[in-house]
Amino acid sequence: MARSSPSPVVNHRLYRLVRATVAVLLTGVILAGFLGRIPELDILEQSARNLYFHVPMWFTLMGATIVSAYHSLRYLQCGDRLRDLRAREAAWLGLIFGILGIITGMVWARFTWYEGTGKWWNFDPKQSMAAVLLLIYGAYFVLRDSIEEPDTRGRIAAVYNLFAVVTMPFLLYIIPRQLPSLHPGGEGSPAFSQTDLAPAMRWVFYPSVLGFLGLFWLLYTQRVRLAWIRDQLRDTPDL
Amino acid sequence: MTIHPAPTGHALPVHPRQERPDTTSAYDSTWTEQPTSQAPDGLDQMMGAGGKIYVVLAVVLLIWFGLVTLLVRTDRKIGRLERRLGETSSEDASSETQ
């Protein structure tokens, strides 16, 4: 097999290692997430298990936007087109994970805190700000698609992407934590504080975050490989 | 949004061996603006069954559907690329025979 041929996009050995780790980790998370014991709380009841699935979506979005912004910055420095492709694919996957985060959050709130009210959207500050963030990232793709010339597109999109990532911590953390919210975090860092998360749940929650970040990296690498091949094909019309 | 604290002294079924943490009152408060006195019906009844475990199932399924959608989209991209490769290689073949 010619698998060992060097690729400009990915270290295949690392890729296979991460793939195996993610497969094991997320299988364990699903099993432990449904079968493990959790503290019994009113209203939340068993739906507290959603912590393992809804929250990692946002950690993944955060990771994706940072990866995307890093490559946009590098693109502005060196103009390497692979950097532009990396920034685009990371932002696209970030958007997908963000949409999954919004939808899973809507379902969780609708049938837990808003049970019997029929309210799918409750204007929780974090929910609304997250929606704004997704619109900002959606605009990144609208902007990209509106510019024909690849170098101009890459440059303008990279500058916009750097603006977009700066809004991320404000929209996901700073503003929502100043307001009364269904989400934890008004009093400190809920992911690491001693009171907000039961010790037994940490053993599932942290691996879940790592697992979904790994899954993002796998999907991202796949898409960059594909985009890179397509880019190479465009450059050689008489292949 | 108004926050109504959960009524204190309200007897709740607690697992005998499990101590209820008292530091999580924020999650226990009632966030709804409407009173939840009416009996749940239809979708709410279904999702509320088994201690709301079906809410977790719905969330996991949604993530799963999202991942399947990604899989299909990537497949389509590969397919388009393969077709283009096929076109260019058949053009090459036809130009070689001329």
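A few points about this structure:
Yes/no matrix, rows are residues, columns are (1) at pLDDT 85 or above; (2) surrounded by 14 or more Cβ atoms within 10 Å (Cβ to Cβ); (3) at the interface with chain A (Cβ under 10 Å from one of its Cβ atoms):
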residue: B:Glu33; (1), (2), (3): no, no, yes
residue: B:Thr36; (1), (2), (3): no, yes, yes
residue: B:Leu62; (1), (2), (3): yes, yes, yes
residue: B:Phe65; (1), (2), (3): yes, no, yes
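- For A:Leu35, the criteria (1) aliphatic (A, V, I, L, M); (2) loosely packed, with under 14 Cβ neighbours inside 10 Å; (3) within 20 Å of the chain's Cα centre (by Cα) hold in every case but one, which is (3).
- Positions within segment A:97-126 being closer than 30 Å to A:Thr152 by Cα and buried (at least 22 other Cβ atoms within 10 Å of the Cβ), in sequence order: A:Phe97, A:Gly98
- Whichever residue in segment A:38-76 is of a type in the set (A, V, I, L, M, F, W, C), away from chain B (no Cβ under 14 Å) and surrounded by fewer than 19 Cβ atoms within 10 Å (Cβ to Cβ) and, among such residues, is nearest to B:Phe65 (Cα to Cα): A:Ile66
- Restricting segment B:67-88 to residues that are more than 27 Å from the chain's Cα centre (by Cα) and within 7 Å of another protein chain (Cβ to nearest Cβ) leaves a set whose member that is modelled with the lowest pLDDT is B:Thr88.
- When each of A:Pro199, A:Pro125, A:Pro169, A:Pro176 is tested for being of a type outside the set (A, V, I, L, M, F, W, C), out of contact with any Leu (no Cβ under 6 Å at 6 or more places or on another chain) and touching a residue at least 24 places away in the same chain (Cβ under 8 Å), the lone residue that passes is A:Pro176.
- A:Val209 being under 30 Å from A:Val22 (Cα atoms), within 19 Å of the chain's Cα centre (by Cα), within 13 Å of another protein chain (Cβ to nearest Cβ) and in contact (Cβ under 8 Å) with a residue 24 or more places away in the chain: no
- Qualifying residue in segment A:154-166 (condition: closer than 30 Å to A:Leu41 by Cα, among the polar types (S, T, N, Q) and touching a helix residue (DSSP H, G or I) at 6+ places or on another chain (Cβ under 8 Å)): no
Okay, residues lined up against (1) at pLDDT 95 or above; (2) more than 30 Å from A:Arg37 (Cβ to Cβ):
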position: A:Glu149; (1), (2): no, yes
position: A:Val159; (1), (2): yes, yes
position: A:Val166; (1), (2): yes, yes
position: A:Thr195; (1), (2): no, no
position: A:Pro237; (1), (2): no, yes
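- Only listed residue being away from chain B (no Cβ under 14 Å), touching a residue at least 60 places away in the same chain (Cβ under 8 Å) and of a type outside the set (A, V, I, L, M, F, W, C), chosen from A:Gly154, A:Gly138: A:Gly154
- Of all the criteria given as (1) among the polar types (S, T, N, Q); (2) over 16 Å from the mean Cα position of the chain (by Cα); (3) surrounded by fewer than 19 Cβ atoms within 10 Å (Cβ to Cβ), the one not satisfied by A:Thr167 is (2).
- Verdict on A:Trp228 being among the aromatic types (Phe, Trp, Tyr) and under 23 Å from A:Tyr52 (Cα atoms): no
- Members of segment A:100-131 found to be closer than 28 Å to B:Val68 by Cβ, more than 8 Å from chain B (Cβ to nearest Cβ) and hydrophobic (A, V, I, L, M, F, W, C), listed by number: A:Ile102, A:Met106, A:Ala109, A:Trp120, A:Trp121, A:Ala130, A:Ala131
- Residue within segment A:21-37 that is out of contact with any Asp or Glu (no Cβ under 6 Å at 6 or more places or on another chain), over 13 Å from A:Leu213 (Cα atoms), basic (Lys, Arg) and within 14 Å of chain B (Cβ to nearest Cβ) present: yes
The values are calculated or read from the model by the stated rules, or taken from the named source; none is laboratory data. Just so we're clear, the structure is a prediction, and the values are computed from it rather than from any experiment. Note that each Cβ is placed from the backbone with ideal geometry, even for glycine, and that neighbours are counted across all protein chains shown.
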